[in-house]
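The values are calculated or read from the model by the stated rules, or taken from the named source; none is laboratory data. Just so it is clear, the model here is predicted, and its values are computed rather than measured. Here the Cβ is made from the backbone with ideal geometry for all residues, glycine too, and neighbour counts use every protein chain on show. Calculation scope for accessible area: heavy atoms of the full protein, side chains included, ligands and nucleic acids excluded. Shrake-Rupley method; radii C 1.70, N 1.55, O 1.52, S 1.80 Å.
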Amino acid sequence: APRPAFAPRAHYVPLATAANALAAPPSVSSPVAEGLLFPESERAARPRLHVFGVSYVARVFQWLYGALGQVADVDLYVVNPCMEFWEDVPSESELRAARRLPRRGAPRALGPADGEDPRPSRDEHLALHQADEPPLLVAFGRPGREHVHLLNELTQADFEPCFVDPAASAEAAGREPSVLEALQRDILLRAPVADAPLTPRSVRDSSVRFHACPSIRREVEVVAGEIWRAVRAASETNAPLGFHEIAVLLPSDARDEYLPHVEAVFAEAHAIPHSVVDLDLASTSRVVDACLALVELPLGRFARPEVLALITHPNVLANMPEASIDDVRQLVSELGVFYGLDRDELADTYVDEDRLNWEQGLLRVALGELMSDSRSPADLGLPLGDSHYLPVSTDPSWARSFSLLMRGLIADVRFARGEARPLRQWAEFFAGMWEGYVLPGGDAEQSELRSCLGAARSLVERDVAALPVSYRVASMLVGEALAGMGATRGDYLADGVVVSSFLPMRAIPFRQTFVLGLGEGAFPARDTRDTMDLRLERRQLGDVRASERDKYMFLEVLLSARDALSVSWVARDPYTSDPIPPSPVVELVMDTLERSYLSAEEAAGLVETHALFRHDPLDPGSPFAEAHTEAWLRQLGRLARVHQGRQVFLLGLVALEGI
């Protein structure tokens with residue numbers, strides 16, 4: 001069938017970013033792009049849309065691309081790992097299924113027996129792959145293969161190749177391609193895997209390294225040491241290495257566990273400059289924390305702990321600049337407040353008089369400004385109705401601010417607990433509450449507050465026919481919006497090493513790439529079975545499981561690395577000290593390198609196992625000043641023990657001679 005008149009245009013960029021492709025437009029364009037099918041006036045009236053940064057999408061989004069192509073010129077910049085036709089390359093799961101399902105009439109000889117582990121062993125891993133196919137493309141490339149297939153269907157296979165040979169620069173410089181460059185070239189060209197033994201390289205290759213570490217802290221310390229080693233080595237060449245050309249990537253599930261160690265270790269290692277790309281704003285921002293506390297307040301009992309936690313929050317306490325946290329806590333303790341807005345919430349309880357609630361406490365503060373605080377045992381206070389109220393005097397510089405703050409919170413809580421309202425009104429309520437109570441402390445917090453206000457106003461988009469909803473429903477929606485906000489620390493590509501999870505930086509080229517946390521059980525993610533997931537009933541092209549997603553992200557990281565790729569994992573259980581092997585993804589890469597790219601001598605030192613302590617043994621080039629001090633103290637302790645042992649031995653000889 002002829003290519004549709006208005007159809008998206010694909011540009012395959014396996015090792016170049018979309019920005020590079022945009023800077024160097026394709027030399028060949030389609031007839032539509034040249035304006036042969038449509039007048040120039042009609043072409044000029046159509047907008048042009050460039051789409052990049054997407055690894056793969058489901059089929060429904062492919063239809064969306066086709067619909068956009070009817071009203072605009074769409075250019076899709078897609079990462080394609082292989083420049084050859086590779087839609088017939090089977091995936092690992094397809095090969096495994098073919099081994100277990102015999103042909104019609106043949107006996108079922110393959111497959112796991114009863115009680116046998118269905119997962120392939122390390123020796124069987126490579127047996128699943130065809131001998132003439134790149135193993136990593138077979139094992140990790142299924143999402144990309146199906147995405148390219150769907151794009152070829154959409155564009156009638158009319159694409160613009162922008163492929164780059166990763167080993168071309170090495171050959172132009174007259175040097176042997178590195179192991180990383182050779183591996184990337186074989187995947188690009190769909191080259192068969194060689195099984196012949198290799199001779200050692202003339203120069204020790206360190207383009208692909210593996211580090212087995214005893215703990216997360218040591219893993220990050222090893223990475224910091226490798227960063228300084230790479231920077232110093234590159235400074236002696238004609239191509240110095242900048243910190244912004246280095247990336248540290250973490251699995252998404254382990255990001256919160258690794259980031260505190262990364263920031264602490266990088267600060268100790270001569271303050272390595274770095275920027276964190278995909279922080280969770282809800283877990284790092286005081287402003288977001290205060291906004292969430294305000295959202296949760298009407299859902300509780302208005303008890304003393306939750307209210308104190310809110311009004312002593314730094315961004316809320318700023319409404320009372322003259323008061324300290326201790327002043328507020330002491331005042332609330334003197335007021336005898338425990339929970340409840342007013343006495344109506346304590347009805348039908350053992351509390352007969354107006355006690356324990358916040359309204360009576362604020363009344364006593366107001367009386368303290370008008371009456372003296374005698375505090376005599378015989379003073380019963382001012383009788384009002386069926387209760388007596390003792391005035392409580394406090395510092396007038398902040399007592400009124402405290403009363404205004406608390407009465408505002410009480411009024412807002414009563415409003416939230418009232419009738420249901422449309423989301424548009426709840427959006428205005430949240431925005432007004434945050435602007436009224438949360439005071440940012442600087443430009444950064446002011447920006448975070450604006451982001452929170454934007455999250456509140458996003459509820460308007462969900463307001464369907466102005467249907468009223470309860471506050472609990474509105475609070476859940478705005479809480480999800482706040483939790484989904486991302487943040488960055490530092491300026492990307494300007495403040496040094498880029499620290500990120502896999503997803504944002506998976507296909508961005510860096511000269512030095514460090515991938516952490518790739519231990520067994522931690523990567524790739526486990527596939528979950530959900531009875532509501534229709535993909536389990538019948539899989540369609542473009543459906544990607546969690547494990548396939550992580551494997552393809554690792555393949556993109558492998559293909560995007562320039563000079564070197566370093567992979568590390570925690571190789572010891574923190575409680576039992578049992579060994580932990582690397583992820584099956586890492587094992588397959590090591591098997592492929594040992595079989596086809598490294599000699600026996602080089603394969604023996606492929607994995608570097610690190611000691612528990614950074615000073616045992618001490619690296620002379622260690623960037624940690626404390627490590628040198630620790631090594632000196634350790635040696636001093638050994639000498640002291642040896643000297644003490646000699647003294648005990650001499651005293652023993654003297655005693656024996658005396659006997």
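Structure summary
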| item | result |
| --- | --- |
| Test: residue in segment 172-181 that is open to solvent by less than 20 Å² (accessible area, probe 1.4 Å), modelled with pLDDT of 85 or more and hydrophobic (A, V, I, L, M, F, W, C) | yes |
| Contacts under 7 angstrom Cβ, first residue in segment 327-340 being over 23 Å from Pro314 (Cβ atoms), partner surrounded by 19 or more Cβ atoms within 10 Å (Cβ to Cβ) and among the polar types (S, T, N, Q), 6 or more apart | Gly340/Asn357 |
| Residue in segment 539-547 that is open to solvent by less than 10 Å² (accessible area, probe 1.4 Å) and in contact (Cβ under 8 Å) with a residue 24 or more places away in the chain present | no |
| Those residues of segment 442-456 which are polar (S, T, N, Q) and surrounded by 16 or more Cβ atoms within 10 Å (Cβ to Cβ), in sequence order | Ser451 |
| Enumeration of residues in segment 370-401 that are at pLDDT below 80, among the hydrophobic types (A, V, I, L, M, F, W, C) and under 29 Å from Asn319 (Cα atoms) | Leu370, Met371, Leu390, Val392 |
| Search result, residues across segment 143-162 that are open to solvent by 10 Å² or more (accessible area, probe 1.4 Å) and in contact with a strand residue (DSSP E or B) (Cβ under 6 Å, 6 or more places away or on another chain) | Phe159, Glu160, Pro161, Cys162 |
| Top-ranked residue of segment 599-621 - restricted to ones that are touching an Asp or Glu at 6+ places or on another chain (Cβ under 9 Å) and assigned to a strand (DSSP E or B), ranked as surrounded by the most Cβ atoms within 10 Å (Cβ to Cβ) | His615 |
| Options Ser447, Ser401, Ser397, Ser451; residue that is of a type outside the set (A, V, I, L, M), in contact (Cβ under 8 Å) with a residue 24 or more places away in the chain and under 20 Å from Ala483 (Cβ atoms) | Ser451 |
| Counted residues, segment 115-142 - those being within 28 Å of Arg595 (Cα to Cα), assigned to a loop (DSSP other than H, G, I, E, B) and either open to solvent by 40 Å² or more (accessible area, probe 1.4 Å) or modelled with pLDDT under 50 (or both) | 10 |
| Subset of segment 51-89 (residues that are without any contact (Cβ under 8 Å) to a residue 60 or more places away in the chain and of a type in the set (Asp, Glu)) | Asp88 |
| Failed criterion for Leu292 (all others in (1) in contact with an Asp or Glu (Cβ under 7 Å, 6 or more places away or on another chain); (2) closer than 30 Å to Leu249 by Cα; (3) open to solvent by 10 Å² or more (accessible area, probe 1.4 Å) hold) | (1) |
| Cross-chain or 6+ apart pairs with Cβ under 6 Å, segment 174-200 first and over 13 Å from Leu598 (Cβ atoms), then modelled with pLDDT under 90 and open to solvent by 50 Å² or more (accessible area, probe 1.4 Å) | Leu188/Met83; Arg190/Glu84; Pro192/Asp132 |
| Boolean, Leu367 is at pLDDT below 85, surrounded by 13 or more Cβ atoms within 10 Å (Cβ to Cβ), within 13 Å of Met406 (Cα to Cα) and not polar (S, T, N, Q) | no |
| Flag for Arg229 being assigned to a helix (DSSP H, G or I) and out of contact with any helix residue (DSSP H, G or I) (no Cβ under 8 Å at 6 or more places or on another chain) | yes |
| Selection count, segment 315-326, where residues are open to solvent by 20 Å² or more (accessible area, probe 1.4 Å), touching a residue at least 24 places away in the same chain (Cβ under 8 Å) and of a type in the set (Gly, Ala, Ser) | 1 |
| Residue among Ile508, Ile580 that alone is of a type in the set (A, V, I, L, M), open to solvent by 20 Å² or more (accessible area, probe 1.4 Å), within 20 Å of Cys213 (Cβ to Cβ) and touching a residue at least 12 places away in the same chain (Cβ under 8 Å) | Ile580 |
| All positions within segment 570-590 that are at pLDDT 90 or above and among the polar types (S, T, N, Q) | Ser583 |
| Within segment 479-533, considering residues that are of a type in the set (D, E, K, R) and at pLDDT 85 or above, the one farthest from Arg232 (Cα to Cα) | Glu480 |
| Among (1) in a helix (DSSP H, G or I); (2) under 30 Å from Tyr437 (Cβ atoms); (3) modelled with pLDDT under 90, the one test that Ala254 misses | (2) |
| Test: Val607 is more than 48 Å from the chain's Cα centre (by Cα) and at pLDDT 75 or above | no |
| Members of segment 503-550 that are among the small types (Gly, Ala, Ser), assigned to a loop (DSSP other than H, G, I, E, B), under 25 Å from Val248 (Cα atoms) and touching an Asp or Glu at 6+ places or on another chain (Cβ under 6 Å) | Ala507, Ala525 |
| Residue that is modelled with pLDDT of 80 or more and surrounded by 21 or more Cβ atoms within 10 Å (Cβ to Cβ), where the choices are Leu555, Leu593 | Leu555 |
| Top-ranked residue of segment 622-643 - restricted to ones that are among the small types (Gly, Ala, Ser) and open to solvent by 40 Å² or more (accessible area, probe 1.4 Å), ranked as farthest from the chain's Cα centre (by Cα) | Ala640 |
| Leading residue by the ranking (farthest from Glu219 (Cα to Cα)) among those in segment 550-577 that are in contact (Cβ under 8 Å) with a residue 24 or more places away in the chain and of a type in the set (S, T, N, Q) | Ser560 |
| Close pairs from segment 518-531: first free of Cβ contacts under 8 Å to residues at least 24 places away in the same chain and under 19 Å from Leu555 (Cβ atoms), partner in a loop (DSSP other than H, G, I, E, B) and not acidic (Asp, Glu), Cβ under 7 Å, at least 6 apart | Asp527/Arg545 |
| Members of segment 457-477 found to be of a type in the set (A, V, I, L, M), surrounded by 13 or more Cβ atoms within 10 Å (Cβ to Cβ) and at pLDDT below 90, listed by number | Leu459, Val460 |
| Selected residue [surrounded by 21 or more Cβ atoms within 10 Å (Cβ to Cβ), in contact with a helix residue (DSSP H, G or I) (Cβ under 6 Å, 6 or more places away or on another chain) and closer than 20 Å to Thr513 by Cα] from Val287, Val276, Val220 | Val220 |
| Residue match in segment 434-441 (condition: among the small types (Gly, Ala, Ser), open to solvent by less than 50 Å² (accessible area, probe 1.4 Å) and under 26 Å from the mean Cα position of the chain (by Cα)) | no |
